[in-house]
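Below you'll find the structure, written out as structure tokens, and then a few comments.
Read-outs: derived from the displayed coordinates by stated rules, not from any lab. In this text the structure is predicted, and so the values were computed from the model without any measurement. All Cβ positions, even for glycine, are placed from backbone atoms using ideal geometry, and neighbour counts span all protein chains on display.
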Amino acid sequence: MVEGVGIDIVDVPRIRKSIEDYRELFTRRIFTDAEIDYCTRKPNPYQHFAARFAAKEAFSKATGTGWNSDFSWLEVEVINEQSGKPTLHFLGETARSVAKKKALLSLSHSGDYVTAVVIIES
Ligand SMILES: CC(C)(COP(=O)(O)OP(=O)(O)OC[C@H]1O[C@@H](n2cnc3c(N)ncnc32)[C@H](O)[C@@H]1OP(=O)(O)O)[C@@H](O)C(=O)NCCC(=O)NCCS
């Protein structure tokens, strides 16, 4: 059964500015090691960082609570399968709160914008 859907759109230059201004202070607060590794191997890393930022926000919307103190950016991780398909992985308290649920993710990039859609199923 579908329990929730969340969508987010992110402006890539905004994420780029945060990364350029704050470097690891920003990236290490928001993205896991695996996400940083994935994005920095790409020709346009900012687009992929922005997509992961959108995925985390879309997940928070799909849960119905939005981003609040119950979530940590680092507890929601985007991992791509061999085919490129993105999947959501959860860690810590967030993993416990979604333990019996399934979360589906789709990402898209176009120019300065990226979008993410998350569906949560029970
Ligand atoms: C997958 C595909 C539809 C993406 O469409 P696109 O218009 O090129 O790119 P978009 O900006 O809309 O989407 C990019 C996102 O698609 C997602 N994606 C990539 N491969 C995917 C797949 N097999 N299934 C679902 N989603 C996929 C990723 O999340 C990617 O973003 P990320 O790298 O930041 O995680 C397109 O590349 C395609 O059909 N490829 C065919 C298979 C292929 O060429 N594979 C190459 C690797 S072997």
So, with points 7 Å from each Cα along the Cβ direction, the S106-R14 label distance in nm works out to 2.3
When all Cα-Cα pair distances of the range 1-59 are considered, the percent exceeding 16 Å is 43
Ignoring trypsin sites (Lys or Arg not before Pro) buried by more than 13 other Cβ within 10 Å or outside DSSP loops, the longest site-free run in the chain is 42-99
From the Cα centre of the range 85-122 to that of the range 27-44, the distance in Å is 16
Ratio for the chain, C-alpha Rg to 2.2 N^0.38 Å, reads 0.99
Simple SL model, points at 7 angstrom along Cα→Cβ for Q82 and N44; separation in nm is 2.8
Across the range 2-121, qualifying lysine pairs (alpha carbons under 20 Å, at least 8 places apart or different chains) come out at 13
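Quickly estimate the mean residue ellipticity at 222 nm for the chain, helices only: each DSSP H run with n ≥ 4 gives -39500 (n - 2.57), and the total goes over all residues, rounded to 500.
-12000 deg cm²/dmol
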